[in-house]
Amino acid sequence: MTSYDTSASIDPVQHLRDEIEKLTQEQSEALKTATFVGMTAAEAKIYDARRRRITELVEKLRGLQNSR
């Protein structure tokens with residue numbers, strides 16, 4: 001079976017929404033785990049990096065939606 005790269009044809013707004021959703025789910029899982037077993041310094045750095053990335057993506061999404 002042939003696999004085609006369709007990333008160029010994906011709507012940029014939907015792509016951002018999908019990435020935000022994925023990262024938000026990861027954040028939620030990290031918080032659930034941290035509630036029961038805690039969070040190491042390394043995990044906290046990853047959590048914070050995801051938070052910053054989500055903020056960046058939301059700003060990009062807002063800009064794309066405002067330009068439409």
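Here, each number is a calculation from the coordinates, and none is a lab measurement. Everything numeric here is computed off the predicted structure, so don't read it as measured data. Positions of Cβ are generated from backbone atoms using ideal geometry, with glycine treated the same way; all protein chains shown enter the neighbour counts.
Remarks
- Placing +1 on the Cβ of every Lys and Arg and -1 on the Cβ of every Asp and Glu, with no other charges, gives the stretch 10-68 a dipole of roughly 160 debye about its Cα centre.
- Crossing angle, helix 12-37 versus the chain [Cα axis fit, 0-90 degrees, rounded to tens]: 10 degrees
- Most fluctuating residue given options 49, 30, 41, as computed from a GNM of the chain linking Cα atoms under 10 Å: 41
- Distance cut-off 19 Å, percentage of C-alpha pairs in the chain lying past it: 48 percent
- Relative to the dominant Cα principal axis of the chain, helix 41-67 is inclined by about 30°.
- Per-residue [θ]222 nm for the chain (sum of -39500 (n - 2.57) over DSSP H runs n ≥ 4, rounded to 500): -28000 deg cm²/dmol
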